[in-house]
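First the structure, in the form of structure tokens, and then the observations on it.
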Amino acid sequence: MIPYGRQFIDEEDIKAVVEVLRSDFITQGPKVKEFEQRLADYCGAKYAVVFNSGTSALISAYMSVGLSEGDEFITSPLTFVATANAGLHLRAKPVFCDVEPDTGNMDPDRIEELISNRTKLIVPVHYAGHPADMERIKKLADKYKLKIVEDACHALGAEYKGSKIGSCEYSDATVFSFHPVKHITTGEGGAVLTNDEEIYRKLKLIRNHGITKDPSDFVEPSEGDWYYEMQALGYNFRMTDIQASLGISQLKKLPEFVRRRREIAQLYRDLLSSIDWIELPVEKPYALNSYHLFPIRVKEKTMRKKLFDYLRSKGVGVQVHYIPVYWHPYYRKLGYKRGLCPVAEDFYSREISLPMYPSLQSEDVKYVAELIAQAK
Ligand SMILES: *Cc1c(COP(=O)(O)O)cnc(C)c1O
């Protein structure tokens, strides 16, 4: 079976992990700090804080910008459930904004009508690796004094108007995931990037039970060298040095990973552009797409299941991204109804994600394209 996504691990990665296993630090130690510095440098942000998953990074990012009980946040329904769930954990309410028909990203023209006096935060998702139109989203956020957290779990290595996603040029914070299907992996893991020192300080507190050991942060006089303070209610969201060492080694290969993903995307385009019953993903003039996914859409809804089943039967592990978040039974029980975001629902009903990962062979891309050409 050719999967839709998979990690790339080489001997260098394995050596990096083994090196940590032989060292004094197994959990959070010097490798975590180094990984954070390298991530911040790569993206062009001041600060990076790594977490034990993309989901815990999302929860921490929302907390750090002040999202709390009774607040609303505006996000996309065309995403993994974690984007919205992270806010539910903080007892805030997700408000779903319909998407652009071509990119599948939050439609900037539909945000303003969703803003209420409870809205605190906007969470754009860079669907499949194509950046959302951040400049327009930022204008609205500034007008209404809202925070922005980018869910960039699909978009490490992507660029918006020449600046790297993660630079936080148009947001308060940006979240990445290092799950094995994403651009780089630490097994499980995630990160939040920011240029705001206060957000950075809060992120580090949330990650470690709200505890600080830094005397310059203490609000009470120190009792002695053993003294530390818990100043907020946090979690154990720590990444280990084992994971961070793998992350450092993976990050070195990221430019090559992105290059190969873009090469595969071009190959798909060359092979599929003449098939008139499907639509291919776009790349807007403001975007450099890092292609976490290669999402095609059939023009007729009825072809989706037929093509999906056919490709699966031929050993191609296609997937569908995503069932609109509010369609899930849990969200239905909260009162969300089908029909809320018609463009996202239509996108979902016609979408299939083709295999896309750096070690995917060009021969396999050709095989997938030939199958699609024969499928109708
Ligand atoms: C993968 C992903 C997440 C969650 O990341 P985990 O590391 O699996 O917790 C959140 N949002 C999006 C859009 C994702 O693709």
Estimated vicinal HN-Hα couplings, Hz - region 10-25 in sequence order (Karplus 6.51, -1.76, 1.60; Gly, Pro = x): 10, 4, 4, 4, 5, 4, 4, 6, 5, 4, 5, 4, 8, 9, 6, 9
Cβ crowding within 10 Å averaged over residues, with 143-152, 5-14 ranked highest first: 143-152, 5-14
Ascending count of other beta-carbon atoms within 10 Å, so fewest first, for Asp225, Asp172, Asp196: Asp225, Asp196, Asp172
Scattering curve values for region 254-375, log₁₀ I(q)/I(0), Debye with Cα scatterers, q = 0.19, 0.22, 0.23 Å⁻¹: -1.07, -1.29, -1.36
Estimated Rh, the chain: Kirkwood, alpha-carbon pairs, angstrom: 21.4
Three-way shape call for region 172-214 based on the alpha-carbon gyration tensor, with the a/c threshold at 1.5: oblate
Ordering of 302-313, 61-72 by burial proxy (mean other Cβ atoms within 10 Å per residue, highest first): 61-72, 302-313
Selection from Leu254, Gly87, Ser60, by position along the positive dipole direction of the chain (Cβ): Gly87
Karplus-derived HN-Hα couplings along region 179-189 (A = 6.51, B = -1.76, C = 1.60, θ = phi - 60°), whole Hz, x at Gly and Pro: 5, x, 7, 7, 5, 10, 10, 10, x, 10, x
Centroid-to-centroid separation of region 110-161 and region 1-69 [C-alpha atoms, Å]: 23
Straight-distance crosslink candidates among aspartates and glutamates, where the alpha carbon sits under 13 Å from Lys213 and sequence neighbours closer than 8 are dropped: Glu223, Asp225, Glu229
Simple Cβ-charge dipole of the chain, Lys/Arg +1 and Asp/Glu -1, about Cα centre, in debye nearest 20: 1100
Most fluctuating residue given options Glu34, Glu220, Glu300, as computed from a GNM of the chain linking Cα atoms under 10 Å: Glu220
Computed magnitude of the charge dipole of region 254-375 (debye, nearest 20; Cβ of K, R +1, Cβ of D, E -1): 560
In sequence order, calculated HN-Hα J values of region 38-50 (Karplus, 6.51, -1.76, 1.60; Hz; x Gly/Pro): 5, 5, 4, 5, 4, 7, x, 10, 6, 10, 9, 10, 9
C-alpha center-to-center spacing [region 261-281, region 214-246] in angstrom: 49
Highest average packing first - 44-53, 116-125, 272-281, 78-87, Cβ atoms within 10 Å: 78-87, 44-53, 116-125, 272-281
For Arg262, Arg22, order by how many other beta-carbon atoms lie within 10 Å, fewest first: Arg22, Arg262
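Computed from the coordinates by the stated procedures, all read-outs in this text should not be read as laboratory data. Everything numeric here is computed off the predicted structure, so don't read it as measured data. Heads up, the Cβs are rebuilt from the backbone with ideal geometry, glycines too, and the neighbour counts pull from every protein chain shown.
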